[in-house]
There are 2 protein chains.
Amino acid sequence: MKAVPDPIEFYFDFSSPYGYFGATRISQLAANYGRALVWRPFLLGAVFKVTGSGPLPSVPLKGPYSKHDMSRCARFLDIPFTFPDPFPISTQAPARAIYWLEQRAPQRIEAAVLALYRAYFVDGRDISSPQTTADVLATLGLDGAEVLAAVGEPALKERLRNETQTAVERGVFGSPYVFVDGEPFWGHDRLDQVERWLKTGGF
Amino acid sequence: MKAVPDPIEFYFDFSSPYGYFGATRISQLAANYGRALVWRPFLLGAVFKVTGSGPLPSVPLKGPYSKHDMSRCARFLDIPFTFPDPFPISTQAPARAIYWLEQRAPQRIEAAVLALYRAYFVDGRDISSPQTTADVLATLGLDGAEVLAAVGEPALKERLRNETQTAVERGVFGSPYVFVDGEPFWGHDRLDQVERWLKTGGF
């Protein structure tokens with residue numbers, strides 16, 4: 001057994017309600033089992049091109065159900081949630097901001113992820129806008145102008161493209177998608193299995 | 001509140017591992033909350049034509065994951081399971097047998113569903129064969145020759161077509177799919193929400 005266990009990797013898209021639900025719970029889960037957490041925002045749209053899939057609400061039959069299920073899951077888990085409009089949105093701006101924070105202030109990432117998710121799924125703010133993303137992060141004491149400049153940087157655009165490509169290569173096809181010691185778990189509704197895995201080292 | 005609450009409706013395809021997992025748990029859940037249970041086998045293939053979807057293992061990225069997830073879910077839930085070959089299979093024969101039982105011996109349906117599921121997902125028997133379906137039901141004391149004749153009857157073919165059509169009209173797009181007082185739940189991983197719904201009357 002390693003002295004320091006590997007971090008949990010949490011892949012998510014900022015436009016994914018189930019990603020939001022998972023994000024509100026994964027930190028506590030990691031902390032309970034002495035694990036660090038790596039936040040990996042990626043672009044679900046790029047993955048859909050590989051799987052031939054599309055945003056859930058656009059799928060016949062499954063679409064209307066999924067909107068109903070998202071709201072019910074939020075009530076079941078007691079997580080504040082209002083189905084946003086527009087939905088889905090492009091999430092380059094908030095995703096790049098997280099990779100910028102990884103270099104500048106990694107200890108702020110968790111608060112930033114949750115603040116951006118809440119802005120979209122609770123307050124209905126369109127975080128696809130770089131300005132809105134900057135405004136949300138400014139409420140955490142970060143420099144809004146610096147965030148705004150960062151999300152337009154070629155290096156961060158490249159970083160997000162690479163992370164999304166890596167996600168596809170690792171088999172990530174949905175959000176959230178969690179790796180624990182290489183074991184893949186798709187969906188916030190597999191966090192009970194993630195917990196068992198952390199507790200027992202595999203089953 | 002009704003003196004006798006409505007039954008729980010359990011839609012499933014005999015080729016669905018998640019349908020099997022749900023089937024092993026739904027009876028106890030219904031019994032715990034004083035509900036009758038209506039078993040509704042249907043043909044998932046007909047639904048996939050409407051949604052433009054296909055059997056999970058054939059979907060890029062999601063396919064390999066789903067096979068892994070099915071086996072892990074079985075271990076998590078402590079349900080015996082061996083991924084069968086061939087998979088998926090046509091399920092007209094076992095589905096029609098259940099509708100035949102509904103007329104002839106409704107009290108045997110639950111045992112028949114579980115015996116057929118176990119034959120396929122534990123013993124690897126190909127229940128798409130009418131003869132195999134008849135053999136499995138014969139182990140429950142039913143008349144195998146009678147079952148074999150029944151699954152070829154035009155009236156039972158028509159019944160299954162109608163039930164599948166009704167399923168699509170009600171929005172059923174996957175297996176298992178459960179209705180509690182009209183509220184739809186997709187997936188064995190929503191049975192915890194089904195239980196809360198039964199307990200509280202909705203949330």
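The table for this structure:
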quantity	calculated
Nearest-0.05 FRET efficiency for B:Ser90 and B:Arg25, computed from C-beta distance (R0 30 Å)	0.75
Chain lengthening between A:Glu110 and A:His68 when straightened (0.36 nm per residue, less Cα-Cα)	12.3 nm
Residue and distance (whole Å) for the chain B Cβ nearest the axis that superposes B on A	B:Asp189, 2
Choice from B:Gly63, B:Gly19, B:Gly174 showing the highest fluctuation, given a GNM over chain B with Cα pairs closer than 10 Å	B:Gly63
Farthest positive-ward along the range A:49-174 dipole, Cα basis, beta-carbon charges - from A:Leu77, A:Leu61, A:Leu148	A:Leu61
Relative contact order of the range B:41-157, pairs being alpha-carbon contacts under 8 Å that are 6 or more residues apart, as %	23 percent
Cα gyration tensor shape for the range B:16-81, rounded if a/c is under 1.5, else prolate or oblate	oblate
A:Thr166-B:Arg170 FRET efficiency (beta carbon distance; Förster radius 45 Å; 0.05 resolution)	0.65
Estimated vicinal HN-Hα couplings, Hz - the range B:116-127 in sequence order (Karplus 6.51, -1.76, 1.60; Gly, Pro = x)	5, 4, 5, 4, 7, 8, 10, 8, x, 7, 7, 6
Under the Karplus curve 6.51 cos²θ - 1.76 cosθ + 1.60, θ = phi - 60°, whole-Hz ³J(HN,Hα) for the range A:135-146, x wherever Gly or Pro sits	4, 5, 6, 5, 5, 8, x, 7, 7, x, 5, 5
Amide N of the range A:9-29 lying under 18 Å from the label point, which is placed 7 angstrom from the Cα of B:Arg196 along Cα→Cβ	A:17-26, A:29
Copies compared at A:Pro5 - label distances in nm, ascending, label defined 7 Å from Cα in the Cβ direction	3.8
Centre separation in Å (Cα based) which lies between the range B:61-116 and the range A:148-163	47 Å
Per-copy distances of the A:Asp192 label point, shortest first, in nm (7 angstrom along Cα→Cβ)	0.4
Per-copy distances of the B:Lys49 label point, shortest first, in nm (7 angstrom along Cα→Cβ)	3.3
Karplus-derived 3J(HN,Hα), 6.51/-1.76/1.60, for each residue of the range A:194-203, Hz, glycine and proline x	4, 4, 4, 5, 5, 6, 10, x, x, 8
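Bear in mind these aren't lab numbers, they're just calculated from the coordinates by the rules spelled out. All of these numbers come straight from a predicted model, not from anything done at the bench. Neighbour counts run over all protein chains shown; Cβ positions are idealised from the backbone, glycine included.
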